């Protein structure tokens, strides 16, 4: 660790001209992240051509500002209108939107920005001091480890099932069945596509997400538009209260560390980290029955995890030249456009650039905290808009977001179809989150299971003989067991109270 180079990196980033670019990047990222369908990946991809000719420090500072801002921005629409702006915010709405319905939108938003800052800054610190060591661990991940990681992620279905584990499992299995649509991951044979080319890659994720949450909420809102009570949006605080911070402190720290390490695993991503952080917070909470009904810890866990992923995903990119997720894959292109190739040689030949990136991530998270904190009052005004106006606007934005991913009217129809499905699932009290989690992790589990079995010539020993894989599978078993035991205790408590 070279502190002189790190200080030089801060000196480069803290110049007024670069700080303005960071501020613009963070603000633009928050706006992009809060709009359904406009992901961080899209925002950075659109801006990269404009950074051509800029110094590498300036261009990366702005792009990393967008990255940090967009991951946080997704929580704003998730909390206020039950519409996750990015896939990473899908876990945030589980407790964020119930708090809004209770008139505590300001409380939810302030915790969101605080935990996002702590998670993002922690990820940046771990990236700065432990990049080489974590990269070596990431290199140990093969098909067996990825399969075990996906099983550990799927074990969280029980935690996000709400009051009925059975309904949660039914929803999860349904999601896994949907995930089998598309090309076979090994033979590339079309499955359940009915000759429709748009289904060859499976149901497009963003339109599915928009349908299950945003459009389903619009349909429900139309049904209840007359009886829907007015939601209060009075903001009395810009920062979370001491009591909320005390309740959530351990969860934030734990989720930040977990999110960073999950982000460092190539292909994992912030959406997986958010659900893992949320599930672990509920599993270890003293009041798991409050999760899904407006638990402030749920917001803290999800936002700390997914924002910590920003720093984690940069670790394999800088150290190995391997992108940690879709956003860092685009950032890889930005480095190459500047004549730099991330990887071990970057640390040897351009160490000053590496430390400027470290400094950029830290500064971007501080700027995100400042912009997000002072923006809370403005964000909360969204829910004061007349629902006769708000619902059509959400519906239109949702359709535009679904269309924008592939410029496909098929995706618009897909979003509407999943919107209808989500509406009926809500009517019959089936949780939607297990479907989303299965769609994220199902393809990862299937593909890596089959690759591992090909490598081992059909032997299941490969999953238990490799230490990381065995530990993750054991963690999945522990997660399922503890979640089931806690749910049974909760059910018994409710029966006794009746």
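The values are calculated or read from the model by the stated rules, or taken from the named source; none is laboratory data. Everything quoted here is computed from the prediction, not taken from an experiment. In this analysis, Cβ positions are derived from the backbone assuming ideal geometry, glycine residues included, and neighbour counts consider all displayed protein chains.
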Residue by residue through region 325-352, note down the ones that are part of a loop (DSSP other than H, G, I, E, B) and under 14 Å from residue 40 (Cα atoms).
325
Being touching a helix residue (DSSP H, G or I) at 6+ places or on another chain (Cβ under 9 Å), touching a residue at least 40 places away in the same chain (Cβ under 8 Å) and closer than 21 Å to residue 130 by Cα, is that true of even one residue in region 393-405?
no
Could you tell me whether any residue of region 294-315 is assigned to a loop (DSSP other than H, G, I, E, B), surrounded by fewer than 24 Cβ atoms within 10 Å (Cβ to Cβ), touching a helix residue (DSSP H, G or I) at 6+ places or on another chain (Cβ under 7 Å) and at pLDDT 85 or above?
yes
Flag for residue 144 being crowded, with 24+ Cβ neighbours inside 10 Å, over 14 Å from the mean Cα position of the chain (by Cα), in contact (Cβ under 8 Å) with a residue 40 or more places away in the chain and over 23 Å from residue 267 (Cβ atoms):
no
Taking region 130-152 only, how many residues are in a helix (DSSP H, G or I) and modelled with pLDDT of 85 or more?
10
When restricted to 245, 252, the only residue at pLDDT 85 or above, assigned to a helix (DSSP H, G or I) and more than 17 Å from the chain's Cα centre (by Cα) is 245
Exactly one of (1) outside any helix (DSSP H, G or I); (2) more than 27 Å from residue 215 (Cβ to Cβ) is unmet by residue 36. Its number?
(2)
Out of region 183-209, which residues are closer than 17 Å to residue 449 by Cβ and touching a helix residue (DSSP H, G or I) at 6+ places or on another chain (Cβ under 6 Å)?
185, 186
